[in-house]
Amino acid sequence: MAIVDHSALAVRYATVKASLPDHITLVAVSKTRSVEEIQALYDLGHRDFGENYPQELREKVPLLPPDIRWHFIGHLQRSNVKHVLPVCHLIHGVDSPKLMDEMEKRAKALQRNVSILLQVHIGQETTKHGFTEEELKQFTFGSPDPIERWPHCTIRGLMGMATNTSDPDQIAREFRNLNDWHQAIRTHGPFPLEQFTVLSIGMSSDVDIAVKSGTTMVRIGTAIFGERA
Ligand SMILES: *Cc1c(COP(=O)(O)O)cnc(C)c1O
């Protein structure tokens, strides 16, 4: 069993928390972390955890407290929606109408709504996922609108990942661009204002830039749990 360094974890967690304004939601990214590490952070009062891999999520959920809010932040395939949807509080990486179709089907069958974020491709790497800006525009402002088309999917906002670069100006430009989209959709899009509130940008390496660029939700792994093995 992995031994958790509780005091180091507490110090790193307090440091990250202190760097974030109160209105920003901190999602602790726990991919590859042991159940013991997650439980230790839970015991410090934390409730929002992010996982990337459906299989890993399924293994961890039953071993941890039921009031954890699980965020799915990885790339989601349609075949995994049925496993991920029932246990998640928010699904961040939704990037196609076909995936929405599958979510709608599964959510409807469970007689519930699923909360999601639309992932937008803002970085330069072609390996990254997400709607292009043109697709985002079509998706959001197209007809019939997303509320009519997917009534069991509650679209709460946007998620993005900046280019993996050491140039802070480029990261800031990409984040601000996504914030502009977020504002434009809030102002002109079909969603109720109190629903479309989340802008999920910022990870350990670029969280300070994300805070300056209007983030409302950051996804932090390394800065809380230490380097991944
Ligand atoms: C792993 C991951 C993170 C966290 O990255 P850190 O550098 O460990 O903070 C955030 N978002 C996504 C989508 C990730 O896959």
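Here, each number is a calculation from the coordinates, and none is a lab measurement. Computed from a predicted model, the values in this text were never measured in an experiment. Glycine gets a Cβ as well: all are built from the backbone with ideal geometry, and neighbour counts include every protein chain shown.
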**OP:** Sequence neighbours fewer than 8 away in the same chain don't count; with that in mind, list the lysines whose C-alpha is under 29 Å from Lys108.
**Re:** Lys31, Lys60, Lys82, Lys98, Lys137
Subject >> Coordinate range along principal axes, alpha carbons of region 1-88, Å, largest first >> reply: 39, 35, 21
Original post:
Where does the charge balance sit around His182 when Lys and Arg score +1, Asp and Glu -1, over other residues with C-beta under 14 Å from its C-beta?
Top reply: +1
Original post:
Roughly what % of Cα-Cα distances in the chain sit above 22 Å, to the whole percent?
Top reply: 51 percent
Original post:
Hey, what did the chain get for relative contact order, percent, Cα under 8 Å, at least 6 apart?
Top reply: 20 percent
Original post:
Restricting attention to region 125-229, which GluC sites (Glu not before Pro) occupy a DSSP loop and are surrounded by at most 13 other Cβ atoms within 10 Å?
Top reply: Glu125, Glu194, Glu227
Subject >> Helix-derived mean residue ellipticity, 222 nm - over the chain, DSSP H n ≥ 4, -39500 (n - 2.57), to 500 >> reply: -11000 deg cm²/dmol
Subject >> Backbone HN-Hα couplings from phi across region 32-37 [Karplus 6.51/-1.76/1.60, Hz, Gly and Pro as x] >> reply: 6, 8, 6, 4, 5, 5
**OP:** Report, in degrees rounded to the nearest 10, the 0 to 90 angle that the Cα long axis of helix 168-188 makes with the longest principal axis of the chain.
**Re:** 50 degrees
**OP:** Percent of Cα-Cα pairs per 5 Å bin, from 0 to the last occupied bin, for region 105-212, please list those.
**Re:** 2, 12, 21, 22, 18, 12, 8, 4, 1, 0
**OP:** Calculate how steeply helix 97-109 sits against the longest principal axis of the alpha-carbon atoms of the chain, using the helix alpha-carbon long axis, and give the answer as 0 to 90 degrees to the nearest 10.
**Re:** 80 degrees
Subject >> For region 50-102 versus region 165-229, the gap between their alpha-carbon centres in whole angstrom >> reply: 20 Å
Original post:
For region 131-170, what D do you get in µm² per second when you plug the Kirkwood radius from alpha-carbon pairs into Stokes-Einstein at 20 °C and 1.002 mPa s?
Top reply: 172 µm²/s
Original post:
To the nearest 10 degrees, how steeply does helix 6-18 sit against the main Cα axis of the chain, on a 0 to 90 scale?
Top reply: 40 degrees
Original post:
Using the per-residue mean of other Cβ atoms lying within 10 Å as a proxy for protection, in what order, highest first, do the peptides 4-14, 73-83, 196-206 fall?
Top reply: 196-206, 73-83, 4-14
Original post:
In percent, how large is the relative contact order of region 1-120, given Cα pairs closer than 8 Å and 6 or more residues apart?
Top reply: 18 percent
Original post:
Which number do you get for Rg(Cα) / (2.2 N^0.38 Å) in region 38-141?
Top reply: 1.15
**OP:** Please report Thr154, Thr32, Thr187 as a ranked list, fewest other C-beta atoms within 10 angstrom at the top and most at the bottom.
**Re:** Thr187, Thr32, Thr154
Subject >> Distance cut-off 13 Å, percentage of C-alpha pairs in region 96-138 lying past it >> reply: 60 percent
Subject >> Exposure proxy order (Cβ contacts within 10 Å, fewest to most) of Arg219, Arg173 >> reply: Arg173, Arg219
